[in-house]
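A short write-up of the structure that comes next.
Here, each number is a calculation from the coordinates, and none is a lab measurement. Values in this document were obtained by computation on a predicted structure and should not be read as measured data. We place every Cβ from the backbone using ideal geometry, glycine too, and count neighbours over all the protein chains shown.
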Amino acid sequence: MKRSNAKKKPGTGAFRIKRSLFAGPYIVWMAIFILSPMLLILYYAFTSDGSFTLEYLRAALGWDYFRVLLDSVRFALYTTVLCLLLGYPVAYLLSRMKKSTAALLSVFFIVPMWMNFLLRTYAWKVLLGAFTNILYTESAVLLGMVYNFLPFMILPVYTTLIKLDESYIEAASDLGANATRTFLKVVLPLSMPGVVSGVTMVFIPSTTTFAISQLLGGGKTMLYGDLIYMKFITEQSWNAGSALSVILLVFVLLSMALMKKAERGASEEEGDRLW
Amino acid sequence: MNEKHLIELIDVSKAYGGDVALSHVDLYIKDGEFLTLLGPSGCGKTTMLRLIAGFIMPDEGRIEMDGADIANVPPYKRKINTVFQKYALFPHLNVFDNIAFGLKIRGVDKAEIKIKVEAMLELVNLKGYGGRYVEQLSGGQQQRVAIARALVNEPQVLLLDEPLGALDLKLRKEMQVELKNMQQRLGITFIYVTHDQEEALTMSDTIVVLKDGVIQQIGSPTDVYNEPKNPFVADFIGESNIIPGIMLQDYKVRLNGVVYECVDKGFGRNTEVDAVVRPEDIDIVPAEGARVSGRVVSVVFMGVHYEVDVDCGGYEWVIQTTDYVAKDALVGISIPPDAIHIMEKTQQTNLFDAVAYPEDGEVEFCGKRFACGGLEGFEAKDAVLAAVAPADVRLTAPQESELTGFVKACMFLGTHYQVSVTCDEEEWIAYSDDYMEPGEETGISVDADKISVSANEAE
């Protein structure tokens with residue numbers, strides 16, 4: 001209403017602000033802190049002392065580095081699978097509870113997220129060192145990653161499950177499916193969009209993480225993030241670090257495209273495939 | 001249809017957190033019949049359906065199928081299938097797999113599933129639609145998939161929860177006929193929930209009229225239409241003239257000062273009754289020589305007939321006729337004896353738990369003290385029952401009374417409206433000459449000599 005009035009009386013619109021203008025501050029922010037660093041990374045990855053070269057990229061694609069990428073993917077896969085196995089049942093139980101109980105319980109998942117993840121990881125380091133002998137092993141790294149990323153699996157799955165219409169469950173039961181089959185044939189397929197976004201939200205940060213492996217792996221476990229960190233900070237080689245970053249970026253974009261495809265499949269064809 | 005009782009509800013009650021949905025319901029459903037649960041929203045009809053399906057358990061009473069209690073039989077083991085109100089078709093499956101769902105669960109082999117599903121698709125006129133997804137179908141098509149998905153399992157009983165509610169009028173009419181044909185051809189018991197009285201009348205073998213969780217009447221469509229048991233049923237099913245009268249003797253009733261012949265008997269002499277006369281059963285005759293005459297107040301063309309209101313001094317008859325009469329014309333009306341249906345007067349008294357204060361000459365109920373006589377013999381603060389006849393409840397403007405409430409329902413009873421008013425969790429029944437909008441606030445007052453107090457036996 002107001003907008004159309006303003007259009008009718010252009011004389012009153014001396015200080016009229018276009019809605020798109022509100023996006024301005026963020027666009028400036030993006031340009032300075034997201035776009036320009038990206039461009040810098042690309043610049044460093046493809047140059048050496050100002051002249052174009054593919055040398056660093058070729059080095060970054062070498063087997064030694066590629067093996068670290070595979071290791072990172074392996075860890076990310078383990079983390080994702082564990083988060084899914086742990087998180088789905090939690091999300092399912094939460095979604096079947098009374099709203100108030102579920103809200104109270106989800107506080108337990110959300111409150112730790114208010115604390116910086118480095119602090120949480122340091123806490124694990126102390127705990128694992130004091131009470132177990134797994135500190136500085138792959139298990140410790142995995143535990144730290146699962147602990148940090150679990151909420152990102154639970155929340156999207158919970159959100160899809162809570163929106164699931166009760167009548168679908170009743171319909172399945174009405175058609176002869178017991179609780180197990182109702183879950184497998186109706187609830188699970190219908191919650192696939194939540195699972196896909198949970199997987200995306202866990203897998204991608206897990207692939208690129210670095211601090212957890214350093215703190216809990218004690219330097220024995222080298223992940224791709226650690227490698228980039230090392231190139232930039234320890235070796236001060238911005239070109240090598242940038243080249244590795246570009247490779248990781250491409251890998252992340254590829255896996256996101258893959259997930260997007262899976263997500264579309266989850267809402268359209270998932271049922272067919274599960275049957 | 002045969003006489004075997006397939007499903008029996010015995011003294012079944014169900015409440016949701018204190019709100020009574022069904023109260024001591026007894027009902028049997030015969031094998032192969034088309035039974036409709038009819039009533040306004042919140043009357044308990046869907047609750048009854050969900051109890052039979054097994055999605056909810058009764059608080060009290062038993063539900064039997066084939067003579068065996070099915071309380072502990074979960075829905076997935078009952079030979080009952082449901083067509084849900086919003087169909088609840090699985091969005092992740094195509095039409096074929098939706099219909100095949102039940103068969104696959106039972107482990108029927110693939111070739112047989114294909115034959116059965118294709119046959120079902122043909123039955124519901126959706127041949128060739130198997131590969132489509134639910135969202136690609138229109139409401140009417142989804143509805144038919146829902147029916148096919150239920151019927152393919154060859155249930156003994158099919159439950160339908162307002163299945164035609166989302167369809168437009170024309171499609172609804174077509175589906176009514178289709179459903180009825182299907183039911184007769186397959187010989188399956190249909191239990192059908194609706195609030196649409198016309199739907200109930202066209203399709204059913206038996207209609208169960210529900211109100212506030214209580215069965216008002218069970219009968220064939222002609223029974224409930226021609227012989228409604230009480231004003232609620234008469235008012236809910238079809239249009240009707242409901243008029244209080246006095247049954248002078250068998251076959252003679254006085255309505256609005258005129259004595260009519262009727263076909264009812266057994267009410268005793270000079271008994272207060274309510275009479276129902278359907279608008280289409282009243283004939284308009286020339287005013288000269290007619291026993292009853294009146295002036296035409298309004299004429300509305302309804303397509304097939306005219307709806308004519310005739311004011312006969314004290315009562316306005318609603319008449320449906322195919323012959324046009326002019327507004328303001330003087331006409332006579334004639335009511336044949338078999339058009340008058342006599343109902344027992346529903347005696348309604350407002351009864352409240354109250355506390356006596358004889359020293360002040362007051363009783364307290366609904367959170368307020370009322371001046372009241374006849375308190376001799378009661379001690380101070382004795383628990384008593386206070387009774388007020390609906391005719392003695394005066395509804396006033398809210399600011400004129402200390403006690404106020406909100407109108408819950410208002411029903412025309414021929415000469416006056418019967419109004420139920422919710423007030424401080426109690427419900428009052430009162431009479432009013434004017435229509436009152438549900439939700440409207442109203443004052444309530446009662447004269448001291450109109451409250452009769454008796455000992456509260458429950459204490």
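Would you mind checking the pairs A:LYS163/B:LYS86; A:LYS261/B:LYS110; B:LYS170/B:LYS211; B:LYS116/B:LYS173; B:LYS77/B:LYS110 and listing those with alpha carbons more than 19 angstrom apart?
Cα-Cα > 19 Å for A:LYS261/B:LYS110; B:LYS170/B:LYS211; B:LYS116/B:LYS173; B:LYS77/B:LYS110; rest within.
Radius of gyration and Dmax for region B:117-260's Cα atoms, expressed in Å?
20.2, 69
Can you find, among B:ILE10, B:ALA391, B:ALA455, the residue farthest towards the positive end of the dipole of chain B? Put +1 on the C-beta of Lys and Arg, -1 on that of Asp and Glu.
It is B:ILE10, whose Cα lies furthest towards the positive end.
With Kirkwood's inverse mean 1/r over C-alpha pairs for Rh, give me the Rg to Rh ratio of region B:5-231, two decimals please.
Here the Rg-to-Rh quotient is 0.97.
Shape call for chain B from the C-alpha gyration tensor, a ≥ b ≥ c root eigenvalues: rounded (a/c under 1.5), prolate (a/b greater than b/c) or oblate?
Because a/c hits 1.5 or more and a/b fails to exceed b/c, chain B counts as oblate.
Taking each pair of different alpha-carbon atoms in the protein assembly as shown once, compute 1/r for the pair, average those values, and report the inverse of that mean as the Kirkwood hydrodynamic radius in Å to one decimal.
33.1
With springs only between Cα atoms under 10 Å, which of A:LEU39, A:LEU223, A:LEU164 fluctuates most in a Gaussian network model of chain A?
Answer for the Gaussian network model of chain A: A:LEU39.
Please compute the alpha carbon radius of gyration of region B:123-197, then divide it by the globular-protein estimate 2.2 N^0.38 Å. Two decimals is fine.
Computed over Cα atoms of region B:123-197, the ratio equals 1.09.
Are there any helices in chain A, counted as whole DSSP H runs, that stretch 18 Å or more along their axis by Cα and score at least 0.0 on average by Kyte-Doolittle, and if so which?
Span-like helices in chain A: A:63-96, A:117-131, A:138-163, A:192-208, A:238-268.
Round to the nearest 10 and give me the degree value, 0 to 90, for the angle of helix B:139-151's Cα axis relative to the longest principal axis of chain B.
70
Which order results if B:ARG144, A:ARG19, A:ARG181 are arranged by neighbouring Cβ count within 10 Å, fewest first?
Result, fewest neighbours first: A:ARG19, A:ARG181, B:ARG144.
Could you work out the per residue convex hull volume over the alpha carbons of region B:188-276, in cubic angstrom?
110
For A:THR208, B:THR322, which order do you get if you count the other beta carbons within 10 Å of each Cβ and list the fewest first?
So the residues, fewest neighbours to most, are B:THR322, A:THR208.
About its Cα centre, what dipole magnitude does region B:239-344 give when the only charges are +1 on Lys and Arg Cβ and -1 on Asp and Glu Cβ, stated in debye to the nearest 20?
320
Over region B:242-317, what is the relative contact order in whole percent, taking alpha-carbon pairs under 8 Å and six or more residues apart?
About 23 percent, as a whole number.
For region A:210-216, in order, what is each residue's ³J(HN,Hα) by Karplus, 6.51 cos²θ - 1.76 cosθ + 1.60 with θ = phi - 60°, in whole Hz (x at glycine and Pro)?
9, 5, 4, 5, 5, 6, 8
Only Lys, Arg, Asp and Glu count, each charged at its Cβ (+1, +1, -1, -1), so figure out the dipole size of the protein assembly as shown about its Cα centre, rounded to 20 debye.
5740
If I fit a long axis through the Cα atoms of helix B:95-105 and take the longest principal axis of the Cα atoms of chain B, what angle between them do I get, 0 to 90°, rounded to 10?
Compared with the principal axis, the helix lies near 90 degrees.
Projecting each Cα onto the charge dipole of chain B (Lys/Arg +1, Asp/Glu -1 at the beta carbon, about the Cα centre), which of B:THR222, B:ILE429, B:CYS366 comes out farthest on the positive side?
B:THR222
Principal axis extents for chain A, Cα atoms only, whole Å, descending order, please.
75, 70, 39
Report the FRET efficiency, 1/(1 + (r/R0)^6), for A:SER48 and A:SER139, where r is their Cβ-Cβ distance and R0 is 41 Å, rounded to 0.05.
0.50
Would you kindly give the portion of the calculated P(r) for region B:89-131 that falls above 11 Å, as a percent of all Cα pairs?
Tail of the P(r) past 11 Å holds 63 percent of the pairs.
Give me the percent of Cα-Cα pairs in region B:156-204 that sit more than 15 Å apart, rounded to a whole number.
For region B:156-204, the fraction of Cα-Cα distances above 15 Å is 40 percent.
Roughly how many Å is it from the Cα centre of region B:35-105 to that of region A:147-220, as a whole number?
30
Please compute the Cα-Cα pair-distance distribution of region B:239-344 with 5 Å bins starting at 0, giving whole percents from short to long.
2, 13, 24, 24, 17, 11, 6, 2, 0
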